[in-house]
Each structure stands twice: as structure tokens, then as C-alpha cells.
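I have placed the structure first, in the form of C-alpha cells, so that the comments after it can refer back to it.
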Amino acid sequence: MNHQRLHLIGWLTPFIISPVITADLPLDTTLNDPPPGFSALFNGKDLHGWCGFIGDFPARAEYTEEAHAEKQAEADSQMRKHWSVEDGLLVFDGQGKSLVTQEDFGDFELLVDWMIKPNGDSGIYLRGTPQVQIWDNEIGSGGLYNNHKNLSVPNIDADNPPGEWNTFRIIMIDDRVSVWLNGINVVEAVQLENYWNRGLPVATRGPIELQAHGNELRFRNIFIRHINDPGAERELLIDHRMDWWTQAKFGMFIHWGPVSLKGTEISWSRGAQVPIDEYDMLYQSFNPTLFDAANWVATAKVAGMKYLVITAKHHDGFSLWNSDLTDYDITATPYELDVLAELSQECARQGIRFCVYYSICDWHHPDYPTDSPGGGGTKQSHNMDRYVHFMKGQLKELVEHYGPLGIIWFDGEWEEPWTVEYGDDLYHFIRSLQPDIIVNNRVNKARHGMAGTSREDIAYPGDYDTPEQQIGSFNRNRPWETCMTIGEQWSWKPNDQIKTLKECLSTLIRVVGGDGNLLFNVGPMPDGRIEPRQVERLKEMGDWLEQFGAGIYDTRGGSFKPGPWGASTCRENSVYLFIIEWPENGPLILPAIDANLESINVLTGGSVTIEQKEDCWSLWVKEEERSAIATVVRLGLDRSSFDITPIDIQNLD
Ligand code: FHN
């Protein structure tokens, strides 16, 4: 038995119900051995590099040299009584004071493993300022606990249970802090406030402190890397979980189910245009023999869509996959094949991110309290907690059998039975199933109606906002995605009014110009085909994106905010202007931006003249050379276009 392991198991025995007696394990030779570029703050042998706590960070600066030395000697003596090294671990007995690095640090990347007992509590002070929180709490560790103005809680609970090791990766540049816990980002570029003087910014240098808070602690693998070029490394603060989505810009939404047999609106027609009993029996006739997953995914690809979200279960409760938790699913239909299995495999094959829509409200399920039409009425015997258990079981099926999923697109959260408590719990549950999954704001009670923006007072409002059937407002600070129908109905409707190509593309342009994504909906027919009219419109969008997608994909909104004139996007030193409407008489006037123009060209053909004045640039393309959809002009600047403060174009009322 490896002595080290036995000791560790011995300490943890109270928490491991049956201590695992392991055969000789190889000694962990990497323990406390820093990765390249890092230095070890703890050498695994002694307290070299650490000192005892002599007072709060600001107070320490006030001591005279003599007083400081005297206090330090006493504190170090105390330190050695309560902080020790056991089998390569830094151990605190819970009775002394915090442990402080002798060295001060400015900008840094810090790695540290920590372990607490049930109800344990500690923290990591950065530059002598409290703290990155460590605790056994349903909120989760990693939050900047003492922030008042800025976010103080982690964006997810990523803790391993007490008695198990956790790993922090903490990056601090200037006053911004990002924290990853066990590989999951829990704090992203949040400003750490000066706990000691709220009127001042946090100190620019100071020690790392391991907080004593009255309970036993274990630490190991404490490594630090000085960041000497913060400008070059600032992007390290950013969590990249949503990068693929931010760059994708354009996705396919699919609303489909047995209701397509009636051509009425999915779920909303249940108990309205279609009697409930009739609606709930439609699955018995649902046999989309022409369903072809490869064809659907190819349609999305040809349209230039990068992800696909399908209604796995809408408010009507019908499950489009083979669910072990209900008989009201695709296997109960004459079709039988698992639609989601085919789609998820085809998306993987064709390089489209597979995502699912899941309705929290379920007017069919006996345990969900409200009923159709539209959530009207209450079911006789309902049990919301039992329904939530069912829902979590289905969501686990979706992630485990059809994942990894790009997004879980929740809906149906607006009804009374759903609460913030349920929403907080569901967000964590989903992220625990697949940490890198993206979850929209309809997971929680966070949404301001169809505008889709999120309430500020919700700790876990999901990862992005969801304006519906409308173009969201320009916003670079919170991800957002407009969901919109290509016709007028979400699910298939015969002779639906399909949007013109100009309407489709100007929607895409204005959404992306606002720094959002567009999730554009098709409603497939009962035979399994996407209606040829919708396929054709999507192909026309894809043809346009083939030519001008450089100004759409992997861009950010701005530098000129969307308006009646059109919209703009930016990437690196380029600004792409999508001029949809021109002023009646005269050029488009661009207000001056803090950059010099190095090049300009019209991507839609023709020539452009630009007159640069002190306060504005006048831009002109001859009428006969303008595009009917949008005249696309690329401006080449002498600096990063994203760094320019976004500005409105006014001269088009
Ligand atoms: O009721 C649903 C509707 O059917 C559709 O699924 C949209 C898509 O976002 N969401 C709800 C209406 O807000």
C-alpha cells in the first residue's frame, strides 16, 4: 500500500463510506512539480516562500520595519504550529491564521488544488484582497465573494464534492479576474473590487493568501506564472465555450411533430383549432416516410447555417426521440425510426452543430400542472416535482444519447409552475451533464417577454438572450439570438406566407450587425420533407452568404450601429457596411470614428466615392451600381475595428 495514498484515504475516511484499499499505486512524481512557465509556490516539502499572517493587507503597509519584523516573527511561529506539510500536501489544522506568500504579484496565472471537508470554507486572496471563494455551498466555489457592485457568484457550481480535490485556474490582469474550476469557467473577466477601500481600485501588486476560516484544509500543486505582457495575454481572461456559437451567427430552427398532419400551430392548436383528444392521437398517423436527415442537414448547410435546433419536445409533450420515460414518442408512430438519432448523426457527418429545443411546459404530461389550450386550466392531479424529475430524465437522455449537444434551447418557462429555484437548478443540472453546453435564458424565469432580454436580478439567466420574431437591440455585452419564422407559423402550414429574400437577408444583416445570432425556423411537412419553397429561399440566402459571408461569420456587431440605413460588422481592421437603404438625396454620412481609412471597396460591385471631412465621411455609390439586397462596402482601417466605440448613423430618418 502506498503510504501517501493510505494517509490521504485515512484523512478522508469520514467522507469515503468504504475506504478504497488500493494496491501499490505509483508515487505521484508530478505532485507539486510546476508545468512549463510556472514556478511552484509550494515545494511539497516545507513552508519555504510562505509567511504567517500579521494583519490585513493595508494594515501591514503601515507597520514600521521594527514592528513588522516583530509581528512577523510571532506570526511565523504561529504559522508553523498550524500549517504543515504531510506527504507532499500543504495541511492546515483549522486553528491558526491565513498563510501568505512572501512575494508580491501583479498580473499572474495561478493554479491551485484544494480540498475541504463538508461545510468547509476558505478562499484565495489575490494581491492581498479577498477573495476567490472556496466553500461547500450550493452556489459553488470560485466567485469573487466580496464584490458588491460586480458579480460575486460563480456562473455555475462546478465543485467536486467535499473530500475530493478541486483545481482552480485563476488569471488576474489589471483588476479583472477569470476563474476556471475543474476546467469549467465560473468567473469571466469580472472586476475584483477593493474590499479594503471601495473607493479605490484593487492594488496593483500584493501577496497570494490562503484564507484560514476555522476549518481544516488541504492544498497542493500551487503554481504561479507572472504575466509580464498583460496586453498580449488579456484574451486569456475570456472563456471560449461559446466561441463556436458567436462565430456561427446563423442557425436552423425546426418545429416539427405529428401536428404537421393538421397544418396548425404546434401545441397552440391543441384544444383550440384541434380538439385535445384528436390532437393527442395524431401520432398514430404520423409516418413521415420522406424524412431524410441528410437532406435536412444539407439544406441547412447550403443555406449557410452552422447549427440546427429541433423541437425534441414542444409544449404538446410529444417526444421526437426514443425516450425510455414515455410512450408518447416517435417509436409509437408508424414511422418508428428515431428522428433525433438520425439528425444528430447526420449533423456530425456534415459538420453542423446538433442542438435541441425542449419545452419546460408540457400540456400533455399528467404531472405538469397546466393544460391546453395555451396553458389554460389546471389538470386534476398534478405533481410538479415529479414532472421535473421526468424532465431531467429526458434531458439526460438527450445529452447522453444524442450529444454532445451544442445548445439546449429551453422554452415554455413563462408559466406559473416554473420558478427561479427550478431554473437555477436546471441550469446547473444541464451544465453538470455536459459542462461546455450552451443554455439559453429560457432555462430560468429570466426573460422580459418576446424582447427576450434577461432580468438583472437572476443569478443564472442562462448564457444568452432570446428575442423572438424581432431583431434584438445592439448589445455586445450579453450574447443574444433572434429566433424567427421563415413563414408566419412555427410548424408547417399549407400556403404559409414565406418571407422575401430581402426580408430574410436584411433580418440576418441587422441581427448580426447588432452582435446577435439568427435562428431561422422552418416547419417540415407531415411527409418528412421541408417544403420546396422554404428550401429554395434558404438556398438563395446561402448563395448570398457564399459571396458576402466574410462580413457575417466570425464578426462582431458595429462599428456603426444598425439603423434604417442597414448595419455593419467588424473583424480585425475591417468594417463591413451593409447599406440596405440609402438617403433620398445624397450620400450616406458616416460619423467620424477614431481611425484612419486605409482602403475601401464595394464587394457587391461598382465603385465607391468617399469624402473624408473632419467630423464625417460621405460615402456614395451610383444608384445603378447599388445592390437590391444590400450594398456591401468594406472599410480597411489602421486599427482594430472592434476597439472603436460603436456609433449611430443619423442621416437617414
Ligand atoms: O410557444 C412557443 C412557440 O411555439 C415557439 O416554439 C416559440 C419559439 O421561440 N417559443 C414559444 C413562444 O414564445
>> Here's a check for you: in the range 487-499, which residue that is surrounded by 12 or more Cβ atoms within 10 Å (Cβ to Cβ) and not basic (Lys, Arg) is farthest from the ligand (Cβ to nearest atom)?
In response: Ile498
> When the range 338-360 is examined, which residues are found to be surrounded by 22 or more Cβ atoms within 10 Å (Cβ to Cβ), away from the ligand (no atom under 16 Å from the Cβ) and either over 19 Å from Glu400 (Cβ atoms) or of a type outside the set (S, T, N, Q) (or both)?
Replying inline: Val339, Leu340, Leu343, Cys347, Ile352, Phe354
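Considering only the range 511-532, state which residues are within 16 Å of the ligand (Cβ to nearest atom) and either under 14 Å from Thr569 (Cα atoms) or free of Cβ contacts under 8 Å to residues at least 24 places away in the same chain (or both). Spell out how you get there, then give the answer.
Initial filter on the range 511-532 (within 16 Å of the ligand (Cβ to nearest atom)): 511, 516-524.
Selection gives Val511, Gly516, Asn517.
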> Would it be correct to say that Thr370 is β-branched (Val, Ile, Thr), surrounded by fewer than 24 Cβ atoms within 10 Å (Cβ to Cβ), modelled with pLDDT of 95 or more and within 16 Å of the ligand (Cβ to nearest atom)?
Replying inline: yes
>> Tell me yes or no: at least one residue of the range 342-365 is without any contact (Cβ under 8 Å) to a residue 24 or more places away in the chain and more than 18 Å from Val297 (Cβ to Cβ).
In response: no
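Taking the options Trp363, Trp296, name whichever one is part of a loop (DSSP other than H, G, I, E, B) and either within 16 Å of the ligand (Cβ to nearest atom) or under 24 Å from Ile437 (Cβ atoms) (or both).
Trp363
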>> With the requirement that a residue be assigned to a loop (DSSP other than H, G, I, E, B) and closer than 17 Å to Lys502 by Cα, what does the range 556-596 give you?
In response: Pro562, Pro564, Trp565, Ile580, Glu581, Trp582
> Where in the range 183-257 are there strands (runs of 3 or more DSSP E), lying wholly inside it, with at least 1 residues that are closer than 30 Å to Gly163 by Cβ?
Replying inline: 184-191, 217-226
>> Every residue in the range 466-484 that is away from the ligand (no atom under 12 Å from the Cβ) and outside any loop (DSSP other than H, G, I, E, B), please.
In response: Trp480
> Among the numbered criteria (1) more than 13 Å from the ligand (Cβ to nearest atom); (2) in a strand (DSSP E or B), which single criterion is violated by Tyr553?
Replying inline: (2)
> Inside the range 144-168, can you point out the residues that are within 20 Å of Val439 (Cα to Cα) and either over 18 Å from the mean Cα position of the chain (by Cα) or buried (at least 18 other Cβ atoms within 10 Å of the Cβ) (or both)?
Replying inline: Val153, Pro154, Asn155, Ile156, Asp157, Ala158, Asp159
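Quick one: in the range 452-462, which of the residues that are in a loop (DSSP other than H, G, I, E, B) and within 16 Å of the ligand (Cβ to nearest atom) is farthest from Ile407 (Cα to Cα)? Quick ask: steps written out before the conclusion?
Step one: of the range 452-462, the residues in a loop (DSSP other than H, G, I, E, B) are 452, 455-462.
If we keep only those that are within 16 Å of the ligand (Cβ to nearest atom) as well, we get 452, 462.
Details: Gly452: 17, Gly462: 11 Å.
Going through the qualifying residues, I end up with Gly452.
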>> Testing Arg510 on (1) modelled with pLDDT of 95 or more; (2) touching a strand residue (DSSP E or B) at 6+ places or on another chain (Cβ under 6 Å); (3) open to solvent by less than 20 Å² (accessible area, probe 1.4 Å), one condition comes back false. Which one is that?
In response: (3)
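The values are calculated or read from the model by the stated rules, or taken from the named source; none is laboratory data. Please read these numbers as outputs of a predicted model, since none were measured by experiment. Counting neighbours? That spans all protein chains shown, and the Cβs are built from the backbone with ideal geometry, glycine included. Protein only, heavy atoms only, side chains kept; ligands, DNA and RNA dropped before computing areas. Shrake-Rupley method; radii C 1.70, N 1.55, O 1.52, S 1.80 Å.
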